[in-house]
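The structure appears right after this line, and notes come after that.
The values are calculated or read from the model by the stated rules, or taken from the named source; none is laboratory data. Keep in mind the model is a prediction, meaning the values are calculated, not measured. Don't worry about glycine lacking a Cβ; one is built from the backbone with ideal geometry, like all the others, and counts go over all protein chains shown. With ligands, DNA and RNA removed, areas are computed over all heavy atoms of the protein, side chains included. Shrake-Rupley method; radii C 1.70, N 1.55, O 1.52, S 1.80 Å.
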Amino acid sequence: MKNGLKHLKKFILQNKENAIILVDKHTYALCYPLLESDIPYILVPYGESYKNLNSCEFIWKKLIELSANRDTVLICLGGGVLCDMGSFAGMCFQRGMPVVLVPTTLLAMVDASIGGKNGVDFLGLKNYIGHFNQPKHIFVCPEFLDTLPYAEKVNGLVEMLKHGLIADPSHFESIKALILNKNSKIDFNLLEDSICIKENIVSQDFHDHGIRKRLNFGHTIGHAIEAYSLHINDENEALSHGLSVALGIVVESYLSTIVAGLSSEELENITYTLRDIIRPILDDVPPFEDLLPYLKKDKKNNNETINFSLISSIGVSRQDFEIQEQIICEGLIYLINIS
Ligand SMILES: NC(=O)c1ccc[n+]([C@@H]2O[C@H](COP(=O)([O-])OP(=O)(O)OC[C@H]3O[C@@H](n4cnc5c(N)ncnc54)[C@H](O)[C@@H]3O)[C@@H](O)[C@H]2O)c1
């Protein structure tokens, strides 16, 4: 929906008497003022390490203090962490209050707020407790991107590039241009295209048993690298989700050339697009033996073999490829030799 901020302000005015906004320190300082409203808010700490049941308990206590009821609208103003956790907390409170998502990071606009998955981390396991449940509304307001640091934008750009790779060659070309020219502004139409690609896939497989797995392209390797990096570093020094997925996309594109028919020219095109993002972090890529335990934990695996979604050309994808360990190892060697 165009003019998201205008529609959001109108929505807040209409629901002023019975709405509460969930914010973190950054979105309270940088995004809340753009709403030009003084409706009550709940402030939670930012960061993945606070995406847990303790924070939900805090939110539920605050909702009670603010006399929220089942008709109170909970407006989640933040990135993927806050949107995932806020919608989970809201959908549990009194068996479900209406939740509105206002994503403020690029990744949350094109990915985390779309598709109805919410939840929190539990016992170190990512997104282990949660629901499939759609929010009442999602307002996408590009104005919030003005304050977002470039490193955070990269997380979203990588997911947008993935949307092009799995479903739309012209979207891939547009996002490639954005990645190669750091200073260009992200056009609302590109946000809309990315959101449509995800929504279209989700609408065919809401509960993630089939085609929705294609959205995991780049993520089997990406999640394993991210989890490994979080294990050996503290949260602030670990590789971000976007950088890990960028590495994963290159490895899984290599796998695609071996087993899914991706041409070597297309592999080169993808590698060239991501080269400046990944070159500075190639030393952080773990050896195959260290990555293997994390790959084996992937939720998509059927039995002993590791399961991937791959592309047969840019814009055409398929899920459920079982790949031998030797080929994955070759993919990592391809990655670390990028110059
Ligand atoms: N539900 C899903 O389908 C889905 C999909 C992908 C990712 N996710 C989840 O999304 C989370 C990652 O989300 P993220 O990348 O948005 O990170 P994030 O939510 O941690 O936000 C990143 C940082 O940016 C700050 N921030 C937010 N908006 C800002 C703005 N406009 N200006 C300046 N700073 C701002 C935040 O306070 C935070 O410090 C992960 O927990 C992941 O599991 C969920």
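The numbered conditions (1) open to solvent by 20 Å² or more (accessible area, probe 1.4 Å); (2) part of a helix (DSSP H, G or I); (3) of a type in the set (S, T, Y) are all true for S87 except (1). Scanning the stretch 194-213 turns up at least one residue that is in contact (Cβ under 8 Å) with a residue 12 or more places away in the chain and within 17 Å of V154 (Cα to Cα). How many of the residues in the stretch 116-132 are at pLDDT 95 or above and open to solvent by 70 Å² or more (accessible area, probe 1.4 Å)? Result for the stretch 116-132: 2.
Confirm whether L77 is more than 11 Å from the ligand (Cβ to nearest atom) and modelled with pLDDT of 95 or more. So L77 does not fit the description; no.
Here K16, K25 are screened, and the one residue that is surrounded by fewer than 17 Cβ atoms within 10 Å (Cβ to Cβ) and modelled with pLDDT under 95 is K16.
In the set (1) closer than 28 Å to D284 by Cβ; (2) surrounded by fewer than 20 Cβ atoms within 10 Å (Cβ to Cβ), the condition left unmet by T220 is number (2). The set of residues in the stretch 121-144 that are more than 9 Å from the ligand (Cβ to nearest atom) and closer than 19 Å to L74 by Cα comprises H131, F132, N133, Q134, P135, K136, H137, I138, F139, V140, C141. The helices (runs of 4 or more DSSP H) found wholly in the stretch 227-322 and carrying at least 3 residues that are of a type in the set (S, T, N, Q) occupy 241-259, 264-278. Has the stretch 255-264 got at least one residue that is open to solvent by 70 Å² or more (accessible area, probe 1.4 Å), modelled with pLDDT of 95 or more and of a type in the set (A, V, I, L, M, F, W, C)? Scanning the stretch 255-264 turns up at least one residue that is open to solvent by 70 Å² or more (accessible area, probe 1.4 Å), modelled with pLDDT of 95 or more and of a type in the set (A, V, I, L, M, F, W, C). Taking the condition within 14 Å of the ligand (Cβ to nearest atom) and over 23 Å from V202 (Cα atoms), does P149 pass? Yes: the conditions hold for P149. D168 fulfils the conditions (1) acidic (D, E); (2) modelled with pLDDT of 95 or more; (3) within 11 Å of the ligand (Cβ to nearest atom) except for a single criterion, (3).
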